[in-house]
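A short reminder: the numbers here are calculations on the coordinates, not readings from a lab. The model shown is predicted, which means the values in this text are computed figures rather than measured ones. Neighbour counts are summed over all protein chains in view; Cβ atoms, including those assigned to glycine, are modelled from backbone coordinates with ideal geometry.
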Amino acid sequence: MATRESVDECIHHCQDVINIAQDQYKEASLQEHINDEGYTESQLKLEQAYIELEKLKDSANAQQKEDLDRVRVQLQEMQNKMILLRH
């Protein structure tokens, strides 16, 4: 079973990754192809956070799974936005 601390850490980490990705997205929206490396790295970090979250979810209880699912949706939404941006 996942500990409360490990779930909280995962959620916090995912939120940090989402915030960084949002910054990269905003920057890329304004400046085409200026910081491709940072944009691509943000996409990679989103995917890594998603994988980490899914692994943790396997050992979580019902409430923890619900909390993790909320963050999973945010991660996926950000991934989709970044993919769809004409960058």
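The table below lists the values:
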{"quantity": "Peptides 53-60, 79-86 ordered by average Cβ neighbours within 10 Å, highest first", "calculated": "53-60, 79-86"}
{"quantity": "Mean residue ellipticity (222 nm) of the chain, computed from DSSP H runs ≥ 4 via -39,500 (n - 2.57), nearest 500", "calculated": "-29000 deg cm²/dmol"}
{"quantity": "Relative contact order of the stretch 4-84, pairs being alpha-carbon contacts under 8 Å that are 6 or more residues apart, as %", "calculated": "42"}
{"quantity": "Percent breakdown of C-alpha pair distances by 10 Å bin, ordered from the shortest bin, for the stretch 30-71", "calculated": "27, 34, 21, 15, 3"}
{"quantity": "Values of log10 I(q)/I(0), in the order q = 0.10, 0.16, 0.18 Å⁻¹, for the chain under a Debye, Cα-only, solvent-free model", "calculated": "-0.27, -0.60, -0.71"}
